[in-house]
There are 2 protein chains.
Amino acid sequence: MKKILNNPDAFCRETLEGIILAHSDKLKALDEDLRIIVRNDKVKEGKVGIVTAGGSGHLPVFLGYVGQSMLDGCAVGNVFASPSAKKMYHMISQCDKGNGVLCLYGNYGGDNMNFDMACEMADMEDINTMRIRVCDDIASAPKDKKEKRRGVAGMVFAWKIAGAAADKMMSLEEVAKVTNHALENIGTMGVALSPCIVPQVGKPTFSIQDDEMEVGMGIHGEVGIEVCKMLTADEIVKMLLDKICEDMEIKRDDEVAVMINGLGATPLEELYITYRAAHKYFEKRGVAILTPYIGEFATSMEMAGMSVTVMKLDSVLKELLEYPASTPFFINANR
Amino acid sequence: MKKILNNPDAFCRETLEGIILAHSDKLKALDEDLRIIVRNDKVKEGKVGIVTAGGSGHLPVFLGYVGQSMLDGCAVGNVFASPSAKKMYHMISQCDKGNGVLCLYGNYGGDNMNFDMACEMADMEDINTMRIRVCDDIASAPKDKKEKRRGVAGMVFAWKIAGAAADKMMSLEEVAKVTNHALENIGTMGVALSPCIVPQVGKPTFSIQDDEMEVGMGIHGEVGIEVCKMLTADEIVKMLLDKICEDMEIKRDDEVAVMINGLGATPLEELYITYRAAHKYFEKRGVAILTPYIGEFATSMEMAGMSVTVMKLDSVLKELLEYPASTPFFINANR
């Protein structure tokens, strides 16, 4: 294991310390152990809170999206592990500004269970909550079992939409409605070229041959659809977008936002070669890309590979996607 | 070689196509072959032009810094290779808005030679130019031979300062003066944990053991000061900052900007663990960090490792560093 760290057991703690030291003007931790990160600026009274939670090892996911017009808070677990229900509850109670809190998180067993418990605790304190699970990874279950799909990079689009809706002072029910509408129009699929190493484990999460890639792998190394020989960038993009477009019924004259997300070790050059292929794919089919997001948005530490996320846009989603947002890890002002 | 691409010979071309397709609102190519990238927005008449050039494989360096209050143009070479003098000249002539052009580039043989020729061509057309070579890599030559040092991530700070000065409508001589002042106060040093692979070569640029790192390596895999056993994050940072602070004579009560730059494959988590170490290092010595920049600013494709850049600040540099800037790859509005 070749990592720049001090002690594998302190990996999360020291990452969080670094983040708070660097961004104390924008972020703060609620507890001594730094496992609840919230905005450090003044949040409007009455604004619906948007919160999430999840394991470490995916930066900028999850806590990197805490900031203006995105998330109000994030509970942080160990690498690839859910934080506790108690931490989630503490976060929810702090992020309630009187009109309730939307918990918007990836569809994983631990996070689901803990948010269920946390929202029960909030309910006993008369804090209004709603829960929405992001299930955007189309490789992880068939469409008729969409509720079984994992949440991957499409979470970022979901937070963007929900965060903008909340900043526009929509009610909790309205924010939840437009977020669900966004999620019906978001699909992701990716390929992994290499494993990553969980610091406390010290060994690769899986093994793969030098000429192979895993199609549809999850961001924790969950098994995908198939292992196949390396393809060209154009072939990979066609394979992913054929599946995404079929699943989402994308057709001529649709408008989409596209996210080309590097999983950690893939150079930006390759992500732009990927974007080129996606652009040409959609151009050929008469689909317009309105907003490209290209970079590392949801990673698996040093995993090589990438995912493509597509969000089908209408006027409502377009306006909320373009709404300015700013966190220490993500700025939407420039698009 | 496991890369997401179509054809190694088309690596640069397709990367550039992807960039232009994604960011055509902000960037455009001057020639059919896309090797000169300039701003696509209206540049103020009379503003001094700031341009650079260099090989591919370092995104966001070089062309990623073309944008508002940063670079006006960038000539792009093949992977790790200088573009031609002719391309540089064409760029210079297009970026002159009547008050001359500052060529601000990394200190590499090919770039030096070609910018010399390009500026001669510009001179014949009565375009006023000045040249400044960035020599921030303190590992690459002793301080009394600073002119032999390579340019690495410190280039980004240099462009930031020069770009802000030009946007404030300083004259060419004033922009050059403040840029040289900045460069006297910028130093960088890094460690490499793994090699990268030039697509057209197909083999790693060097080999290194699983428990070793190369200290002071250049961003093209140029040999560093020594190969040593892996150290902890705190030890690596102490080693690098001891050398940087000695070289730059940084002392108690100084104020600095710090850039923790990932070389390509190093997870953001590890960069924040690195930042934590740097923050504590400076805190202990009574040096204040005013602006942390943490992420991938100057890469070597999929190389693992990182560099630390320090810029010693005074009121002039502070103002220019904080001046808003915006490119498709870099936004300074948020600091």
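The values are calculated or read from the model by the stated rules, or taken from the named source; none is laboratory data. For clarity, every value in this text was computed on a predicted model and none was experimentally measured. Glycine also receives a Cβ, built like all others from the backbone with ideal geometry; neighbour counts cover every protein chain displayed.
Miscellaneous remarks
- So B:L59, is it under 26 Å from B:N112 (Cβ atoms), in a loop (DSSP other than H, G, I, E, B) and in contact with a Leu (Cβ under 9 Å, 6 or more places away or on another chain): yes
- Pair list, Cβ < 7 Å and 6+ apart or interchain, from the stretch A:132-144 residues that are without any contact (Cβ under 8 Å) to a residue 24 or more places away in the chain to residues that are among the basic types (K, R): A:A141/A:K148; A:A141/A:R149
- Selection from the stretch A:13-23 of residues that are out of contact with any Asp or Glu (no Cβ under 6 Å at 6 or more places or on another chain) and either over 19 Å from A:R39 (Cα atoms) or within 7 Å of chain B (Cβ to nearest Cβ) (or both): A:E14, A:E17, A:G18, A:I19, A:L21, A:A22
- Restricting the stretch B:27-43 to residues that are within 14 Å of chain A (Cβ to nearest Cβ) and more than 20 Å from A:T274 (Cβ to Cβ), the residue that is surrounded by the fewest Cβ atoms within 10 Å (Cβ to Cβ): B:D41
- Residues in the stretch B:44-71 that are surrounded by fewer than 24 Cβ atoms within 10 Å (Cβ to Cβ) and either polar (S, T, N, Q) or modelled with pLDDT under 95 (or both): B:Q68, B:S69.
- The listed residue being in contact (Cβ under 8 Å) with a residue 60 or more places away in the chain and at the interface with chain B (Cβ under 9 Å from one of its Cβ atoms), out of A:P267, A:P328: A:P328
For (1) modelled with pLDDT of 95 or more; (2) touching a Gly at 6+ places or on another chain (Cβ under 6 Å); (3) closer than 24 Å to B:C228 by Cα; (4) surrounded by fewer than 18 Cβ atoms within 10 Å (Cβ to Cβ), each residue gets a yes or a no:
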position: B:K284; (1), (2), (3), (4): yes, no, no, yes
position: B:A288; (1), (2), (3), (4): yes, no, no, yes
position: B:I294; (1), (2), (3), (4): yes, no, no, no
position: B:F297; (1), (2), (3), (4): yes, no, no, no
position: B:M303; (1), (2), (3), (4): yes, yes, yes, no
position: B:S307; (1), (2), (3), (4): yes, yes, yes, no
position: B:L313; (1), (2), (3), (4): yes, no, no, no
position: B:L321; (1), (2), (3), (4): yes, no, no, no
position: B:N332; (1), (2), (3), (4): no, no, no, no
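- Taking the stretch B:62-72 as the range and being away from chain A (no Cβ under 14 Å) and either within 20 Å of B:G109 (Cα to Cα) or not in a strand (DSSP E or B) (or both) as the test, only B:D72 passes.
- Helices (runs of 4 or more DSSP H) contained in the stretch B:222-335 and holding at least 3 residues closer than 27 Å to A:P324 by Cα and assigned by TED's automatic domain parsing to the domain that holds B:V79: none
So that you can scan it fast, the table gives a plain yes or no per residue for (1) surrounded by fewer than 24 Cβ atoms within 10 Å (Cβ to Cβ); (2) under 30 Å from A:E249 (Cβ atoms); (3) in contact (Cβ under 8 Å) with a residue 12 or more places away in the chain; (4) in the same structural domain as A:T299 (by TED's automatic domain parsing):
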residue: A:G73; (1), (2), (3), (4): no, no, yes, no
residue: A:K87; (1), (2), (3), (4): yes, no, yes, no
residue: A:G106; (1), (2), (3), (4): no, yes, yes, no
residue: A:M117; (1), (2), (3), (4): yes, no, yes, no
residue: A:K146; (1), (2), (3), (4): yes, yes, no, no
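- The listed residue being free of Cβ contacts under 8 Å to residues at least 12 places away in the same chain and under 18 Å from B:P324 (Cα atoms), out of B:K42, B:K47: B:K42
- Residue match in the stretch B:275-293 (condition: free of Cβ contacts under 8 Å to residues at least 12 places away in the same chain, within 18 Å of the chain's Cα centre (by Cα) and within 11 Å of another protein chain (Cβ to nearest Cβ)): no
- In summary, A:T52 fulfils each of the numbered conditions (1) of a type in the set (V, I, T); (2) more than 9 Å from chain B (Cβ to nearest Cβ); (3) without any contact (Cβ under 8 Å) to a residue 60 or more places away in the chain with the single exception of condition (3).
Okay, residues lined up against (1) among the hydroxyl-bearing types (S, T, Y); (2) farther than 19 Å from B:M130 by Cβ; (3) in a strand (DSSP E or B):
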{"site": "B:K3", "(1), (2), (3)": "no, yes, no"}
{"site": "B:F11", "(1), (2), (3)": "no, yes, no"}
{"site": "B:E14", "(1), (2), (3)": "no, yes, no"}
{"site": "B:E17", "(1), (2), (3)": "no, yes, no"}
{"site": "B:L21", "(1), (2), (3)": "no, yes, no"}
{"site": "B:L34", "(1), (2), (3)": "no, yes, no"}
{"site": "B:I37", "(1), (2), (3)": "no, yes, yes"}
{"site": "B:K47", "(1), (2), (3)": "no, no, no"}
{"site": "B:M88", "(1), (2), (3)": "no, no, no"}
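- Against the conditions (1) out of contact with any Gly (no Cβ under 9 Å at 6 or more places or on another chain); (2) buried (at least 24 other Cβ atoms within 10 Å of the Cβ); (3) not aromatic (F, W, Y), A:D137 satisfies every one except (1).
- Set A:K203, A:K243: member being within 14 Å of chain B (Cβ to nearest Cβ), touching a residue at least 12 places away in the same chain (Cβ under 8 Å) and charged (D, E, K, R): A:K203
- Residue match in the stretch A:261-276 (condition: closer than 29 Å to A:S82 by Cα and surrounded by fewer than 21 Cβ atoms within 10 Å (Cβ to Cβ)): no
- A residue that is under 20 Å from A:M1 (Cα atoms) and crowded, with 24+ Cβ neighbours inside 10 Å can be found somewhere in the stretch A:212-221.
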